[in-house]
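Laboratory data are not the source of any read-out in this text; all were calculated from the coordinates shown. Keep in mind the model is a prediction, meaning the values are calculated, not measured. Cβ placement follows ideal geometry from the backbone for every residue including glycine, while neighbour counts extend to all protein chains displayed.
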Amino acid sequence: MASRSPAGEPRRVLRAPDVIGAARGELDRVGRGALLAAAIVATLPKPRKYMHASLAQAYHMGIRSLPLVLFMAAVGGALASQQTGAQFTGGLPVWVTGSVVAAGVLTELGPVLTALVLIGRVGASIAAELGTMKVTEQIDALYSIGRDPITFLVVPRVVGGMMVVPPLVIVANAMGMLAGLIVGMIAIDGLTATEFIFGARFYFRPWVLFFSVIKGAIFGITITFLACFMGLEGRGGAEGVGRTTTSAVVATTVAIMVLDVLLVPLLKVA
């Protein structure tokens, strides 16, 4: 007999077979993801099969995302500068603003804001596109004519993401620093361009910039890989494509935030 909730409605009891089935389904999904990753790695030594398409994907992801990346980076740098002025003005020298903005933009705001922009713009698009191809059996049609969907659809997107995100991160870093400088000079009494640059140079180390670029490359691979994988997992017609796109955005956002935490120790290498 099914138990009832305090409101008198039937309450579903989760039995052991349900738990085992759910766990098995998740393990199957992890296995399919591992197989997809292995197939991508196996294709990488053959650049003639995907390089032209990868460059086209990189252009599509990078150029069309650039205005939004620049806007988000400018907002991030401006916020970092204003918050620093509000917190430290009167207690520390004003040049500290340059150090704090440089640290925040180069290590966190530049890579993470760029990744979040690409999740919403590129990741969702890839998941919806491949999900539609899956539910309309276009993926099966590629198999039937002897074309490998991994080489034809997935590898160019993953390689394109790996290629384009680091340059976007560098541009976002520069825009964030510029916005931090301009807003800081306007909002913080006594802050000049010379003092801001002195503070930024006081903090800056070459490894910080390399760390930012490495994060960008890892984020680019993660966004495109998860978007492709979720798209290929699409089921259930138009409604299923919508669910797939939403799941891809949520899963990729969570993955980026977890990776951002896990990559922090890398900053201490040099």
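Only one entry in 106, 35 is more than 20 Å from residue 125 (Cα to Cα) and surrounded by 15 or more Cβ atoms within 10 Å (Cβ to Cβ), namely 106. Within region 111-122, the only residue that satisfies the criterion of being surrounded by 20 or more Cβ atoms within 10 Å (Cβ to Cβ) and of a type in the set (Gly, Ala, Ser) is 115. When 186, 218, 197 are screened for being closer than 22 Å to residue 76 by Cβ, surrounded by fewer than 17 Cβ atoms within 10 Å (Cβ to Cβ), of a type in the set (Val, Ile, Thr) and touching a helix residue (DSSP H, G or I) at 6+ places or on another chain (Cβ under 8 Å), only 197 passes.
Against the condition assigned to a helix (DSSP H, G or I) and farther than 26 Å from residue 233 by Cβ, how does residue 70 come out, does it pass? Reasoning before the result, please.
Details: assigned to a helix (DSSP H, G or I): yes; farther than 26 Å from residue 233 by Cβ: yes.
It is true that residue 70 is assigned to a helix (DSSP H, G or I) and farther than 26 Å from residue 233 by Cβ.
For region 123-152, a residue qualifies if it is aliphatic (A, V, I, L, M) and surrounded by fewer than 24 Cβ atoms within 10 Å (Cβ to Cβ), and the qualifying residues are 124, 128, 133, 135, 139, 141, 142, 145, 150.
Could we say that residue 239 is among the acidic types (Asp, Glu), over 18 Å from residue 170 (Cα atoms) and surrounded by fewer than 16 Cβ atoms within 10 Å (Cβ to Cβ) here?
Values: among the acidic types (Asp, Glu): yes; over 18 Å from residue 170 (Cα atoms): yes; surrounded by fewer than 16 Cβ atoms within 10 Å (Cβ to Cβ): yes.
Considered against the rule, which asks whether it is among the acidic types (Asp, Glu), over 18 Å from residue 170 (Cα atoms) and surrounded by fewer than 16 Cβ atoms within 10 Å (Cβ to Cβ), residue 239 comes out as yes.
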